[in-house]
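Following: one structure in C-alpha cells, then a few remarks.
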Amino acid sequence: MPPDGEEFTGPATFAFSFSCERSSRSTNLHPKPGRLRVQFSYHDQGSNPLGSSFGIQGIVDEIDPVLESMICIGDEPPPGGSELIFMGRYRLLSSPPEGFTSTCPTRETETTPMCRFEVTVRDNDTNGDYFEIRLSSGTALGELDPLTVFYTRAGVLSSGNITVD
C-alpha cells in the first residue's frame, strides 16, 4: 500500500494469459496439452508513490513439471480454487519513474531483469474481482521479502472480469 499521504491518481491495466502448449515435435493431430505458458503485463497509467506512469512485462516462474503436466492435461485443477497467485521476474517497458528501483541486475547472458513480482487475482463472481501486484528489488526465488517490496497496488476491479476455472 502507498505510504501515508501518497495515492494513485490514474487507472492501472493488466493482462495475463495461461495456456497449455503442445510440443512442436508432436505428430499427433490431437495431442494432450503440454507445457504451461504464462504471460503477464502491467501498466500503471497515472501518478503513484513512485512518481509517474510505467509498464512492466513479466515472465512467470516455471513450476514443477509433473504438476504443470497434470494441470495442462486436466487431471489437476489449478491450485487455489478461485484465487491464483503467480510469481516471476519482470522487466521495465518504459522509462523508470523517479522512485523506481535502480538495483535490479540482469543476468550476463540474458537481457531479462531478475527482480521479482507477485500477482494475486481472485474471481469473486458478482462481488467484484480482486487484483494485487507487488514489485520487489529482490532476486531470490520464493516468497518476496517484505523489505524488498517497493510497489504494491491492490483492489477490487472497477471494470473487467477475471475468470478462474
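Nothing in this text is a laboratory measurement; each read-out follows from the coordinates by a stated rule. It should be emphasised that the depicted structure is a prediction, and the values quoted were computed from it without experimental measurement. Cβ: placed from backbone, ideal geometry, glycine included. Neighbour counts: every protein chain shown.
Label-to-label distance, SER102 versus GLN45, with points set 7 angstrom from Cα along the beta-carbon direction: 3.0 nm. Here the extension length gained between ASN124 and SER94 equals 7.6 nm, from 0.36 nm per residue of separation less the Cα-Cα distance. Neighbour counting of Cβ atoms within 10 Å sorts the residues THR103, THR120, fewest neighbours leading, into THR103, THR120.
From least to most packed, judged by other beta carbons within 10 angstrom and beginning with the fewest, VAL119, VAL156, VAL149 follow the order VAL156, VAL149, VAL119.
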